[in-house]
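Comments concern the structure below.
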Amino acid sequence: GNQKATHSENSQGNKSQHAEEAIFYMNCRAAYLTVLRSSLENIKSKEQLSLVLQQAGRNPSQKTINKYWTSQTTSLNFDDFCAILKKEKPATRNELLEAFGKIDTDKAGYILHDELYKILTTRGDKMTWEEVTTITKQADFNCSGKLDYNKFCELYLTTREQCCKAARDRLEVDPRLRQQQFGNQTENSSEGITPPVSKPSPRISRKTDHKLAKGDSRAPSRPSSAQSGKASSSTTVTVGASSSRNTKLIIEPDTMKAWQCAQSKGCFYLEEDGEIISHKYRLHLPQRSAVCITIKPLHIPQAEGKPCHWLSVDTALFILKENETPENLQLVSFTELQHKEMFGWRGELGSGVYWLLPFTTGCRLRKQKTQIPGEAKLLCRDEDGELALTKEFRAALLDIFETIDLDGNGLLSLEEYNFFELRTSGEKCDQEAWAVCKENFEMKKNELTRQGFLDLNLMEANDRDGDPWDLWVTLLSLGYNKALEMTEACPFVIDICAERCRARIKAISLEAGGSQLSRAVCRSVVNKGEAKVLDGSENIIIHTSKSGSRVTSVIENKSENKVIIHVNNEQSKNCLNNRGLTVFAVEVAPKSTMVSQHVMPLNEQEEWIYSCVHSLV
């Protein structure tokens, strides 16, 4: 009875999730087609981007526009637009009131026009005097030289919803527009979906991870591209329950006892826009040797008893050989073998310098939508009335220390501490400032101890008279939520064992993988994967590679023209992908290769089927 009830709840939850997804893409399409004639047409200017975002109920700042429209941007397609809307959430009533509340320190509910003029014309995206005047002249929320910001927020939210509704209404009455299905779901995509039978594990059951969770007992809600006569290619990979985690590394412990090992920790961090950054490493091998390289999520002792969200995040390392210059890197291999949560590679490397680029697909390390019931308390007063760290915050800081102590010696060097500073404040601590730390906080061998690190954070709280705002900035930048759970970061550990010499590994930077990592991922899939030419288009090749518990597909465009490839995962079962979309489209530049998607099982205890159709639009 309990199993039936659970299954029923899951079915309803999945239907609700897909219905929500369908509404989101209908709103995306409605906004897009208010400004452009077709969803195949691209956004061609900053002004167009701003306008189409406004039609979707957003109010983008110039900073937001510049984030997505850089000096290299020439156009954005509908798929890009959907991705932007997923990242740029509309402001809620509470967020608006909180922003006004920071100006209205007396909590009177009003802001003087003089103060409003001063703020809006001198801060952020500066408005002109005339633009502010159009706000202060509105009788609906202005009276006696003051702005009633509660009324302003009400009108703003109402206007925003009316704007979105007008776009949806236009879409509904125009049959031509309703047929635009580029990069999104059809209107009835919430119907006819059979969810997986058993309940997914708690770690991966959140809403954003169900985008590819499809049953196989019914036909898709619209015919696949392969049935429509377009140039297309279909790929299916079936994987048994948990089998993907049991490809054992070929390592005999007895034969490696005499090998010399080096280790370094690191971390993946999720940025606000969904980009993932991590430490990058330089590996020096003094002589040719057999080598075993592994990476896995880091188990933190202090995290016991708390949910360790990051332990199910997939990890990998790409090994690149440095030739004459650091810019001239050649892909050697990557950690394609998997045993449980560990990924590894074993082979022979010549002497020289190598780069190790950590990688995660983003299937499981992604923005959280879960509501936090209450904010954890960071500070308290001790018996003498002095400010102190709460037990929960102290435990979180010790977890952080364990993560940023890259060499694992129980102390923080200036170099290790500066990675922490760059991540949390964007600045570095110089030798002079480090000497001041040495005078005030416990150190050993010129390195900061755990106690010194705790005292440093307590001093920061005292400097703010107990205001935890700066402490929360630090915690959030390190992937913690307001319940002090690490949900948007994944600490990892790298082990390198060499038979004939001691390897040296050193963290060099903390940044996004960039073009080097993208090229390495594409090259590894092209080298190892199965290649299929799109039927009817010999210049478009789909490469698909399975590595452990993930499948990656790469699109290679050998033609002289850019192409748009439609990607349909509707027949996949028990899957989630890094894009969070079941059906989408990607634009591939001429003579280039790009990742189409990474796919992983939603529930590893069940069989999962990756079934994808790529077709030329």
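Given a 1.4 angstrom probe, I'd like the percentage of the accessible area of the range 358-402 that is carbon and sulfur, rounded to a whole number. Could the numbers behind the result be given before it?
On the way: 1100 of 2390 Å².
Of all accessible area on the range 358-402, carbon and sulfur atoms account for 46 percent.
How would K428, K146 rank on accessible area, largest to smallest, probe 1.4 Å?
K428, K146
Applying the Karplus parametrisation 6.51 cos²θ - 1.76 cosθ + 1.60 with θ = phi - 60° to the phi angles of the range 570-577, what ³J(HN,Hα) value in whole Hz is obtained for each residue in order, glycine and proline being reported as x?
In residue order, the calculated couplings are 5, 8, 6, 10, 6, 10, 9, 10 Hz.
Are there GluC sites (Glu not before Pro) in the range 334-431 that DSSP marks as loop and that have at most 13 other Cβ atoms within 10 Å, and which are they? Before the final figure, lay out each step's value.
Working: sites: E336, E341, E348, E375, E383, E386, E392, E402, E415, E416, E421, E427; in loops: E336, E341, E375, E383, E386, E427.
Loop-located and lightly packed - E375, E383, E386, E427.
Take the residue pairs K377/K428; K126/K165; K63/K444 and return only those whose Cα atoms are more than 32 Å apart. Walk me through the numbers before you get to the answer.
Values: K377/K428 28 Å; K126/K165 30 Å; K63/K444 44 Å.
Cα-Cα > 32 Å for K63/K444; rest within.
Can you work out the FRET efficiency for the pair Q62 and K591, with r the C-beta to C-beta distance and R0 = 45 Å, to the nearest 0.05?
Details: r = 34 Å, r/R0 = 0.76.
With R0 = 45 Å, the Cβ-Cβ based efficiency is 0.85.
Scan around S333 for amide H atoms under 5 Å from its own, H built in the peptide plane at 1.01 Å from N, and keep only partners 5 or more places away or cross-chain.
Amide H to amide H, under 5 Å and 5 or more residues apart or across chains, S333 pairs with I319.
Just the number please: accessible area per residue for the range 93-173, 1.4 Å probe, all protein chains included, in Å².
Numbers: 5470 Å² over 81 residues.
Ligands and nucleic acids excluded, the result is 67 Å² per residue.
Ignoring everything but the protein chains, give the 1.4 Å probe accessible area of C575 in square angstrom, nearest 10.
The value for C575 is about 0 Å².
For a test of the definition: using alpha carbon positions, the gyration tensor, and the 1.5 limit on a/c, classify the range 93-173 as rounded, prolate or oblate.
On the way: a/c = 2.09, a/b = 1.76, b/c = 1.19.
Prolate.
Within the range 533-564, which GluC sites (Glu not before Pro) sit in a loop by DSSP and count at most 16 neighbouring Cβ atoms inside 10 Å? Display every interim value, and only then the final one.
Details: sites: E538, E556, E560; in loops: E560.
Here the GluC sites (Glu not before Pro) that fit, given the DSSP loop and packing criteria, are E560.
Past the 18 Å Cα-Cα mark, which pairs from K67/K87; K107/K369; K107/K137? Walk me through the numbers on the way to the answer.
Numbers: K67/K87 12 Å; K107/K369 30 Å; K107/K137 23 Å.
With Cα atoms farther than 18 Å apart: K107/K369; K107/K137.
Which value, in Å³ per residue, describes the convex hull spanned by the Cα atoms of the range 379-486? Walk me through the intermediate numbers first.
Working: hull volume 11.4 nm³, N = 108.
Per-residue hull volume (Cα only) is 106 Å³.
Shape call for the range 309-405 from the C-alpha gyration tensor, a ≥ b ≥ c root eigenvalues: rounded (a/c under 1.5), prolate (a/b greater than b/c) or oblate? Could you put the intermediate results ahead of the total?
Working: a/c = 3.30, a/b = 2.22, b/c = 1.49.
Note, shape of the range 309-405 comes out prolate.
Can you pull out the trypsin sites (Lys or Arg not before Pro) in the range 525-617 that DSSP calls coil and that have at most 16 other Cβ atoms within 10 Å?
Here the trypsin sites (Lys or Arg not before Pro) that fit, given the DSSP loop and packing criteria, are K558, K562, K591.
Suppose a student asked you for the relative contact order of the range 379-486, using Cα pairs under 8 Å spaced at least 6 residues apart; what percent would you report?
Relative contact order, the range 379-486: 25 percent.
The values are calculated or read from the model by the stated rules, or taken from the named source; none is laboratory data. The structure presented is a predicted model; accordingly, all values stated were derived computationally and were not measured. Neighbour counts are summed over all protein chains in view; Cβ atoms, including those assigned to glycine, are modelled from backbone coordinates with ideal geometry. With ligands, DNA and RNA removed, areas are computed over all heavy atoms of the protein, side chains included. Shrake-Rupley method; radii C 1.70, N 1.55, O 1.52, S 1.80 Å.
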